[in-house]
Structure formats: C-alpha cells, structure tokens
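Everything on this sheet refers to the single structure shown next.
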Amino acid sequence: MFKSHVYGRFQRSLFLLVPFLFLGGLWQLLGGGVASEPLPVAAAPSTTLDLSFSLFSDGVTLPTAIANTGVSADGRLFITQQGGQIRVLTADGTVLATPFLNIASKVSLFGENGLLGLTFDPDYDTNGYFYIYYTRLSDRNNILARYQVSSDPNVADASSEQILITVVEPKDGHNGGALAFGPDGYLYVAIGDGGLPGNDTIPPSEPQDRTSLLGKILRLDVAQSTIHAPDCGSAHYTIPSDNPFRDGAGGDCDEVWALGFRNPWRISFDRATGDLYIADVGENVREEINFQPASSSGGENYGWPCYEGEGTRYEPLCQAVSYTFPVFSYGHENGNCSVTGGYVYRGQQYPAMVGHYLFADFCSAYVWNLHPEGSGWEAHAYDFKTSLVWPSTFGENGQGELFVGDLSTGSIYQVVENSVVAPTTLAIHKTGPAESGAGAPIDYQITVTNTGSSLATGLVITDRLPVGATYLNSPGGSLQNGVVTWSVGALAAGSSVTVDFAVTALESITNFDYGAQSAGGVQVLGNTAVTTQIIAPSLSIRKVGPGHVGTGEPISYTLTVRNDGALPANNLTITDTLPVGTEMVSATDSGLAFGGVVTWNLLPLAPGGEVSVGLVVTPTTPLVDTAVIRNEFYGVSADGGYQASSQPVVTIVNGTQVFTPIVLRP
C-alpha cells in the first residue's frame, strides 16, 4: 500500500537532517556520503515505484553511515558503526574481518552519541584522506576529524587523526554529523542544535545564532585552496571566499553555509544536478525534507526553532527574516517519529527509479519516493514494516545504486525497483571531415538514436580525444581525463540526439573510441573510425627593398606571403633576420625584434589570400665608404610544418666619399 501526497513548491530550501532517537536501547544515527562522478539527469520519473529490499550484508552492528570512496574502480562500501568502527564490505557484501578504522576507545556510545558520519576526499585515490564525525568520550563534544589510509587499502592509519573542528555540545543529543562533498569540491558538515530529544520546553537559540556552529550546515575548503583562515574551528581547512557569512575573525562563524536546523540526519547531493537534499528531524509534529538547488549561494534560514515543517513552533523566537520552507514534510501518524534522509537515485540497474529521492522514517519503517512534478513535488509512501525495523541510514555505491542500513538488525539492504521496463536499444553514428588544414578546427558530430520501444533514461555519450588532437570545445559536454562526456538525460523511442565537439591537429588523426549508454546497462559502441588527413598549406614569400639608398636614409622592406594551397594556413609566422650592421627602426603589424630576428604572428590566411608586412632598418655605424646591405634570411611557416623562403635582397648605401653605385659580386 502507498499513500500519495502532492505538495506545492515552497520558498524554503533546506538540507536533510535527522535526529537520533533512543528506542529500546538502540539509537538512530546519521551518516555521510561521497560526491562521485556526475551522472545524467533523467526525464520526469514514474509516479509510483515497485520497491523492495534485497539483503546485501548482515555482518555489521549499529550502522550509522554508508559511504564509498568515489574511485570508479572501487566496488567497496564502508559502514560506520555507532560504537566507533568503520567496516569494509566487498562488492559481494562480504564484511572484512579487520575494521578499516577502530576508534571505539575514544567514542562515546551513549544515546544519540557515537561515530556518526563518514565521507571520502574527492582526491582519495591520490591523497588517501577521509573525514569522520564522532562524539568524543572524554568530554562528549563532537569532533570533525581527518584520517588517512595506510599502505593497506583496507586499513586506515589510526594514528593519522587531524582534528578540524570541535563542536562543544550543551547536552547529549541532536548531534547531526552527516558529511558530504559537494560538486564544488567543498566539505559540507551538518550539525544539530545540541538538545536532547524531549527536552525542548525551552528550545535552544543557537540555530538562529550565526556566532554558533550548532544547528547549522558548514562549508569548508579542506584542500585549503583559499586564503581565509578558520574562524570557529581550528585547523586543516580554510573558508571558501563565497561563504555567505564570511566576515573574518570574530563575529559570525565564517564556516556557516545555512542555518535553522534541529537535527539534520542525512544530507546528500544529487550527483546528476548538484542539488542538495536535507532531512531535518522534527520535534513532536513534523519531519522535513528540504531542497537547496545547485544554484544556491547559501545563507538560507530553515526556520528552527521558529518553524517545524510549515507551521510555527515557538513563535516568540521568530524573527523578521526570510525563512526557507521544506518541499515536503510529514506528520507523526502511523508510528512516524524521525526522518532518515536518503539520496536521489542515479544508478543504472533500475530505470524507473532514476530521478527519485528516497528516504524513510526510522520508527515506522515507511519509505517514500519524492520527485518534482509540474510546479510542485510529488511523494508516495510505502509501508515496509515487514522488511525493515529501524532504517537508520542510506548510502550509494560508486555506480549510484542505493543501500539502506537497519540499526536494529545490522543488515545492509540494496534498494530494488521491480517494474518491468520495455527493452531499450541504441544506435550511434559519427561524422567528421576527411581533410583539414593543420591547426584548423575539426568538427565532429555524434548522433545517437533510440531504436528501442521505450524511453531511454540516463543517456550519456562519450568520445575519447584522438591521439595527437587538441581539444577546442564541446557544447553541452565536458572534458575530463581525455574523454568528452555529454549527459543527455532522456531520449524517447525513435528519437535521435546529436552532439558536437571540435579539436585541432597538426598531423592526421583517427577518432574511433566513442559510444553511448543509458540506464539499465544499455550500451552501444562506435564501430566506424573517422580519419581526418591534415593537409599542409602551400605558401610562397617574396621580399622587395630598394637597390640603392643615400647615406642616412632608412631601408624599407616589404615581405608578402601568399597561400597557394586549398586550405587555410593557420598560426602563420613570418621571420626576418636583421642584416649584419643594421638595427630595426620600425615594423608594421606588431612585428617584434628579439635576438636580431623580427617576428610577425599573423591571423590565418585563406586559400589564395596574401598578407604583407613592413620592416625599416638603418645602419648601426656612420658610413665613410660604400656599404652593401644583404638581407637574405627571411621566411614564413605555418601549422603542419610548412616553411618557405626566397631570394636575398641587396641594397647599396653610398658613403660620404663615394656616390656611384657599384655592382655587388655574388
């Protein structure tokens, strides 16, 4: 059974945050994620889903977060256990005997406290860094720390801890702790208001206080690429220049990105769009799902403790500010009590689920799918009491497949969508020029056709740059590691889409490594190579100058280049070595002299076109006799290795005593 709700778009964007609940000796915890390689945006998803949960692993205890390294070839999942361990799950769900990290001796396992968040650095494959959020046993404050993997890829270096931030907690509870790297490469940290559940008679003021980290989402530059020092933290990060409340030391905490949260339990970025989803656990009335578009510049106020959901909660604490409301909220009927935020599905196995945000309630084991619909949002609820007990966290693997952890049983399940989807097949065709000039743009077109009978979703087109080519542009695409990628999205049955990109080359190139894939593992590879022959230009150059000048007169030369070929001559360069005993007076067309050589770098020359430049020189010493100025070292070059030169030009200069021209001997 499911219940359907349609909610209008509110002007209140929010990060998904969830509180921990102490139930029957177990606690609801929150976890973190890793920003993986972007995947495409699909068309509007189906209205309802046919969901189920397939057991993936059952060898962990009190799971609070599920994360992956973000390395494409790494099939492992990493599970944080509330007690202070990180366990490694192989691609088949096997739990490795040795924990990846074990800091149980310094983690407070009490109520909502514990090891709560995990995410891996975007450059983990090169620096080995990962970040955790835990409650420290010695003082029950929450710690954001960085660790590094050891020489064993399945074991971290437990001695490598570097503390970035210590969050002083007024009480046990409402810790937050979700961690995620955004598409901007910055680390986002969700922090609760520090209050114990059930003790909100006098709600905390910290969520609305920008000088406190409590009840906030932080945004940190852990790569330290910016120059702004930490403000309310300690070390090992800097403040992004565009953080909304950055005012230097003192005053507002420069780390704050958004405020007004009670207990954010799970934040996640849509890996296709960069949008941020935030689940915030309510008090006694409403649970929230908040949406922050990728275009946000931060600074949103999500309302707590003035608002809970769309309604006022503690009206005396409301301020004359603009609040951002959730795109979806639900009440505490049917045993609901605490939201567990999830992810937008961008995997390949279940096309019908692409574009849906999935989340759950910790107490009722209801699961929802949420997606934009028209000018609002549409959600559907499904009762999974027979499958799940206490769903405490969601996570995704490197391919975007979704998993959920059950705090009660320690089981990790894969989310499955059982709709039968008609088969999709793709065809691909590529065109490009057979010939091109050296250095000239070479334009390719790739056309993909959906030859199947159903909608192709999650369509991605890729093309690897040919050896010897230099990338110019790819409208709608992006270049990474030598591969151009277009995230097309959806393609209707029988429809085609064409993408373009351009390169240059100085020698002949062949493009053959291109293809396309869509959700469900549908793939097509190009089977026709496109070869472009680089044709060198045919250039000629001539130079004219005076045969005789008087003493003290400058010598003016004109150099003319003609393109005698059928293709443009690119990166045209004319050079002229100053004759012995002369110096340059001037050169037209921005000619520059260096080391005795004058150089002109000119625009491409069309077939049949001509271009002329001028050079004026003068003898460097006074003449007392007849002098012969011989200009012979000049030429022209262009892309493709083409060069041309011509005959010397000789000029006789009369001295003060000799005025009769002489004949130059060769």
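The values are calculated or read from the model by the stated rules, or taken from the named source; none is laboratory data. All figures in this text were calculated on a predicted structure; none of them were measured in a lab. Methodologically, a virtual Cβ is constructed for each residue, glycine included, from the backbone with ideal geometry; neighbour enumeration extends over all protein chains shown. Keep in mind that these areas ignore ligands, DNA and RNA; they rest on the heavy atoms of the full protein, side chains included. Shrake-Rupley method; radii C 1.70, N 1.55, O 1.52, S 1.80 Å.
Overview of values
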| quantity | calculated |
| --- | --- |
| Selection status of Ser540, open to solvent by 30 Å² or more (accessible area, probe 1.4 Å), in contact with a Lys or Arg (Cβ under 7 Å, 6 or more places away or on another chain) and among the polar types (S, T, N, Q) | yes |
| In segment 115-157, the residues that are part of a loop (DSSP other than H, G, I, E, B), within 31 Å of the chain's Cα centre (by Cα) and under 21 Å from Thr61 (Cα atoms) | Asn154, Val155 |
| Residue in segment 185-204 that is surrounded by the most Cβ atoms within 10 Å (Cβ to Cβ), counting only those that are modelled with pLDDT of 95 or more and more than 10 Å from Asn263 (Cα to Cα) | Val189 |
| Qualifying residue in segment 162-173 (condition: within 20 Å of Glu308 (Cβ to Cβ), buried (at least 18 other Cβ atoms within 10 Å of the Cβ) and touching a helix residue (DSSP H, G or I) at 6+ places or on another chain (Cβ under 8 Å)) | no |
| Failed item, numbered, when Ser295 is tested on (1) on the phi < 0 side of the Ramachandran plot; (2) open to solvent by 10 Å² or more (accessible area, probe 1.4 Å); (3) of a type outside the set (D, E, K, R); (4) in contact (Cβ under 8 Å) with a residue 60 or more places away in the chain | (4) |
| Enumeration of residues in segment 431-479 that are of a type in the set (A, V, I, L, M) and within 19 Å of Val524 (Cβ to Cβ) | Ile446, Val448, Leu455, Ala456, Leu459, Val460, Ile461 |
| Qualifying positions in segment 333-353 - in contact with a Pro (Cβ under 8 Å, 6 or more places away or on another chain) and at pLDDT below 90 | Ala352 |
| Wholly within segment 1-107, strands (runs of 3 or more DSSP E) carrying at least 3 residues that are out of contact with any strand residue (DSSP E or B) (no Cβ under 6 Å at 6 or more places or on another chain), more than 15 Å from Gly177 (Cβ to Cβ) and modelled with pLDDT of 50 or more | none |
| Qualifying positions in segment 131-146 - in contact with a Phe, Trp or Tyr (Cβ under 6 Å, 6 or more places away or on another chain) and touching a residue at least 40 places away in the same chain (Cβ under 8 Å) | Leu144, Arg146 |
| Selected residue [surrounded by 19 or more Cβ atoms within 10 Å (Cβ to Cβ), over 30 Å from Thr558 (Cα atoms) and either of a type in the set (Gly, Ala, Ser) or modelled with pLDDT under 90 (or both)] from Ala519, Ala493 | Ala519 |
| The one condition in (1) in a strand (DSSP E or B); (2) surrounded by fewer than 24 Cβ atoms within 10 Å (Cβ to Cβ) that Phe325 fails to fulfil | (1) |
| Residue ID - farthest from Tyr188 (Cα to Cα), chosen from residues in segment 275-291 that are surrounded by fewer than 24 Cβ atoms within 10 Å (Cβ to Cβ) and of a type in the set (Asp, Glu) | Glu283 |
| Enumeration of residues in segment 354-395 that are assigned to a loop (DSSP other than H, G, I, E, B), in contact (Cβ under 8 Å) with a residue 40 or more places away in the chain and in contact with a Cys (Cβ under 9 Å, 6 or more places away or on another chain) | Phe362, Cys363, Trp390 |
| Odd one out for Thr226, checked against (1) within 19 Å of the chain's Cα centre (by Cα); (2) closer than 17 Å to Ile86 by Cα; (3) surrounded by fewer than 24 Cβ atoms within 10 Å (Cβ to Cβ); (4) not small (Gly, Ala, Ser) | (2) |
| Those strands (runs of 3 or more DSSP E) lying entirely in segment 396-507 with at least 1 residues hydroxyl-bearing (Ser, Thr, Tyr) and more than 30 Å from Val339 (Cα to Cα) | 426-431, 435-437, 442-450, 456-464, 469-473, 477-480, 483-491, 496-505 |
| Residue that is nearest to the chain's Cα centre (by Cα) [pool: residues in segment 508-551 that are aliphatic (A, V, I, L, M), farther than 30 Å from Pro568 by Cβ and assigned to a strand (DSSP E or B)] | Ala516 |
| Residue within segment 266-277 that is at pLDDT 90 or above and basic (Lys, Arg) present | yes |
| From Ala536, Ala516, Ala566, residue being closer than 17 Å to Glu435 by Cα and out of contact with any Gly (no Cβ under 7 Å at 6 or more places or on another chain) | Ala566 |
| Residues that are of a type outside the set (A, V, I, L, M), closer than 28 Å to Val460 by Cβ and open to solvent by 20 Å² or more (accessible area, probe 1.4 Å), drawn from segment 425-440 | Thr425, His429, Thr431, Gly432, Pro433 |
